[in-house]
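Engineer: Before I ask anything, let me first share the structure, which is written out below as structure tokens.
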Amino acid sequence: MAILKVARMGHPVLRAKARPLEAGEIRSPAVQQLIDDMFETMAEYQGVGLAAPQIHESVRLFVAGIPARSRDEQDAEDEDDEDDDMPLIAMINPEITPAGREMAEDWEGCLSIPDIRGRVPRPRSIVVRGYDRKGKRMELKASGFSARVMQHETDHLDGVLFFDRMKSFETLTFLDEFGRYWSRRDVREE
Ligand code: NI
């Protein structure tokens, strides 16, 4: 396992459209290793999501979720946010369809745009179709926090960053100022 270097905003890989993984490729040792390394990298930087282009691999793959232990810690801190629950997943070639018209706006951060937060409107509920790390088709329904994370990660596969989705930049804030003026709630990067 290895901790990978995270590409920061300005690197062209973050603006490229990533290529799909072929069915036969998913179970290859190289892709399995990449997934393990992405989980390790996400944990190292305490992220809630990480897309392959963020570690300089332009393929349609992301990992996301909160490991059980830090989920408990987080629950102890803010019990009102039951929405924040999300098991660890690896998702390959994801396709997202909004489920309904309702939009929700909430804070986001990105490991490729460190120490910045901003409010981003997104469909509240979605259906995600793709493949798991064994190459098996999977379909998930998600709403709230996990739907937000999966949309943010899938955007990375199309070269889209969360700034692009903001209605205005008035809520863009550095992390220090975020804690001071906007919210006590920790918003993790993805
Ligand atoms: Ni991101």
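Engineer: Would you call residue 79 of a type outside the set (Phe, Trp, Tyr), more than 19 Å from residue 7 (Cα to Cα), part of a helix (DSSP H, G or I) and modelled with pLDDT under 95?
Structural biologist: No; evaluated as a whole, the condition is false for this residue.
Engineer: Name the residue, out of 15, 27, that is among the charged types (D, E, K, R) and more than 13 Å from residue 132 (Cα to Cα).
Structural biologist: None of the others qualify; the one that does is 15.
Engineer: Can you name the residue in the stretch 87-111 that is out of contact with any Leu (no Cβ under 9 Å at 6 or more places or on another chain) and closer than 22 Å to residue 18 by Cβ and is also surrounded by the fewest Cβ atoms within 10 Å (Cβ to Cβ) among such residues?
Structural biologist: Per the stated criteria, the residue is 97.
Engineer: Here is a follow-up. List, please: which pairs have Cβ atoms under 8 Å, are six or more places apart or on different chains, and start with a residue in the stretch 178-190 that is under 14 Å from residue 118 (Cβ atoms) and end with one that is part of a loop (DSSP other than H, G, I, E, B) and more than 16 Å from the ligand (Cβ to nearest atom)?
Structural biologist: Taking only residues 6 or more apart or on different chains, the pairs are 182/171.
Engineer: Please go through the stretch 17-45 and give me each residue that is of a type in the set (A, V, I, L, M) and either open to solvent by 80 Å² or more (accessible area, probe 1.4 Å) or assigned to a helix (DSSP H, G or I) (or both), ordered by number.
Structural biologist: Result: 23, 26, 30, 31, 34, 35, 38, 42, 43.
Engineer: How do the pairs read when you match residues in the stretch 50-68 that are over 13 Å from residue 152 (Cβ atoms) with residues anywhere that are within 14 Å of the ligand (Cβ to nearest atom) and among the hydroxyl-bearing types (Ser, Thr, Tyr), using Cβ under 9 Å and keeping only pairs 6 or more apart or on different chains?
Structural biologist: Going by the 9 Å Cβ cut-off, the qualifying pairs are 55/41; 60/154.
Engineer: Here is a follow-up. When only residues in the stretch 94-119 that are away from the ligand (no atom under 14 Å from the Cβ) and of a type outside the set (D, E, K, R) count, which is nearest to residue 63 (Cα to Cα)?
Structural biologist: Applying the filter and picking the extreme gives 94.
Engineer: Does any residue of the stretch 162-169 turn out to be at pLDDT below 95, more than 16 Å from the ligand (Cβ to nearest atom), surrounded by fewer than 16 Cβ atoms within 10 Å (Cβ to Cβ) and among the basic types (Lys, Arg)?
Structural biologist: no
Engineer: Within the stretch 120-152, track down each residue that is within 16 Å of the ligand (Cβ to nearest atom) and out of contact with any helix residue (DSSP H, G or I) (no Cβ under 9 Å at 6 or more places or on another chain).
Structural biologist: 147, 148, 149, 150
The values are calculated or read from the model by the stated rules, or taken from the named source; none is laboratory data. Just so we're clear, the structure is a prediction, and the values are computed from it rather than from any experiment. Here the Cβ is made from the backbone with ideal geometry for all residues, glycine too, and neighbour counts use every protein chain on show. What goes into the accessible areas is simple: the full protein's heavy atoms, side chains included, and nothing from ligands, DNA or RNA. Shrake-Rupley method; radii C 1.70, N 1.55, O 1.52, S 1.80 Å.
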